[in-house]
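Student: Below you'll find the structure I mean.
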Amino acid sequence: MIEIEQLLRANKAWAKDRLEKDPHFFSRLENLQSPKFLWIGCSDSRVPANEITGTQPGEIFVHRNVANMVIHTDMNMLTVLEYAVHHLQVEHIIVCGHYGCGGVEASLTQKSYGIINKWLRNIKDVHRLYAQEIDSTLDTKERNRRMVELNVKEQVLNLAKTSIVQKAWAERKGPHLHGWVYGLDNGLIKAINDVPPGFPLDPLYVYEDFQ
Ligand code: CO
């Protein structure tokens, strides 16, 4: 078990190592943040955005929550999205789920988790959209895996349904949206869906202006 002091010792060693390899590493990052990617991932400790994509500090703007959700009333997510899309001008947004996601698996049960129920309700709504497919899959593991994939797909579509993304699409033909799922068992990412700028949405969700 790693103790808290060990984290601070490791940080000192890391900073020293960075400076040895590149004396300008910190001064460069201090003055400029221009990531090309926004990552919306699960809070799960086993799915760290930078490590699994081989990226460095400064390269990915990150938002994480339980089960990588894009909920249209979540001010935290919306603030990150607005800043990433309209200030940092990211070119890609990735929603990355993972197989074995506890949040998704809990949503497939009738167990109550107190306040967490309110968050998981949004995944149950995805389940309802795909009930025919999910409920006809009898193998529990397979059903969980499919729900993880469909949840990612719907969260990507939720991004496209925001006026934040639609405004950017109209103004600069970006960003491109991607749904990915990470395998805890093999470390590999599987692409699930791809939503380019201007992707045709259900007209119910298309805004005429972007207030
Ligand atoms: Co998870």
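Student: Kindly write out, for segment 164-169 in residue order, the coupling ³J(HN,Hα) from the Karplus curve 6.51 cos²θ - 1.76 cosθ + 1.60 (θ = phi - 60°), rounded to whole Hz, with x marking Gly and Pro.
Tutor: Values, residue by residue: 4, 6, 5, 5, 5, 4 Hz.
Student: Within segment 35-109, report the trypsin sites (Lys or Arg not before Pro) that DSSP leaves as loop and that have at most 15 other Cβ atoms within 10 Å.
Tutor: Those satisfying the criteria are Lys36, Arg46.
Student: Which FRET efficiency value, to the nearest 0.05, do you get for Ser112 and Met75 by plugging their Cβ-Cβ distance into 1/(1 + (r/R0)^6) with R0 = 41 Å? Please list the in-between numbers first.
Tutor: Numbers: r = 26 Å, r/R0 = 0.62.
FRET efficiency, Ser112 to Met75: 0.95.
Student: List, in order, the whole-Hz ³J(HN,Hα) value for each residue of segment 119-135 obtained from phi through the Karplus relation with A = 6.51, B = -1.76, C = 1.60 and θ = phi - 60°; use x for Gly and Pro.
Tutor: 6, 5, 3, 5, 7, 4, 5, 5, 3, 4, 5, 10, 4, 4, 5, 5, 6
Student: What number, rounded to the nearest 500 deg cm²/dmol, is the helix-based mean residue ellipticity at 222 nm of the chain, given -39500 (n - 2.57) per DSSP H run of at least four residues and division by all its residues?
Tutor: About -13500 deg cm²/dmol.
Student: Under a plain spin-label model, where a point goes 7 Å from the Cα along Cα-to-Cβ, how far apart in nm are Glu30 and Asp139?
Tutor: Distance between label points: 5.5 nm.
Student: Take the Cβ-Cβ distance between Arg146 and Asp202 as r, set R0 to 22 Å, and report the resulting FRET efficiency rounded to the nearest 0.05.
Tutor: 0.50
Student: Taking neighbour Cβ counts within 10 Å as the exposure measure, how do Arg128, Arg18 sort from fewest upward?
Tutor: Arg128, Arg18
Student: Sort the following peptides by mean Cβ neighbour count (other Cβ atoms within 10 Å, averaged over residues), highest first: 149-156, 23-30.
Tutor: On the way: 149-156: 23.9, 23-30: 11.6.
Packing order, densest peptide first, comes out as 149-156, 23-30.
Student: Counting other C-beta atoms within 10 Å, and keeping those with at most 14, which DSSP coil trypsin sites (Lys or Arg not before Pro) do you find in segment 157-193?
Tutor: Of the trypsin sites (Lys or Arg not before Pro), the ones in loops of segment 157-193 whose Cβ has at most 14 other Cβ atoms within 10 Å are Lys173.
Student: Which ³J(HN,Hα) values, rounded to whole Hz and listed in residue order, are derived for segment 76-93 from phi using the Karplus coefficients 6.51, -1.76 and 1.60 in 6.51 cos²θ - 1.76 cosθ + 1.60 with θ = phi - 60°, glycine and proline given as x?
Tutor: Calculated HN-Hα couplings, in order: 5, 4, 5, 5, 4, 5, 4, 5, 5, 7, 9, 10, 7, 6, 4, 8, 9, 10 Hz.
Student: Now a separate question. Please report how many Lys pairs in the chain have alpha carbons closer than 26 angstrom, counting only residues at least 8 apart along the chain or sitting on separate chains.
Tutor: Taking the Cα cut-off of 26 Å, the pair count is 26.
Student: Rounded, prolate or oblate: pick one for segment 69-211, where a ≥ b ≥ c are the square roots of the eigenvalues of its C-alpha gyration tensor, a/c under 1.5 means rounded, and failing that, prolate if a/b is larger than b/c, else oblate.
Tutor: Working: a/c = 1.90, a/b = 1.68, b/c = 1.13.
Note, shape of segment 69-211 comes out prolate.
Student: Now a separate question. With just the Cα atoms defining each centre, how far is segment 1-53 from segment 83-147? Give it in Å.
Tutor: Taking the Cα centre of each part, segment 1-53 and segment 83-147 sit 28 Å apart.
Student: Determine, for Met1, Met147, the number of other Cβ atoms within 10 Å of each Cβ, and report the residues in order from fewest to most.
Tutor: Ranked by crowding around the Cβ, least crowded first: Met1, Met147.
Student: Take every DSSP beta bridge whose two residues both sit in segment 34-210, then give the antiparallel share in percent to the nearest 5. Could you put the intermediate results ahead of the total?
Tutor: Details: 6 of 24 bridges.
Taking every DSSP beta bridge with both residues in segment 34-210, the antiparallel ones total about 25 percent.
The numbers here are math on the coordinates, done by the rules we state, and not lab data. No experiment lies behind these values; they were computed from the predicted model shown. Positions of Cβ are backbone-derived with ideal geometry, glycine not excepted, and every protein chain shown enters the neighbour counts.
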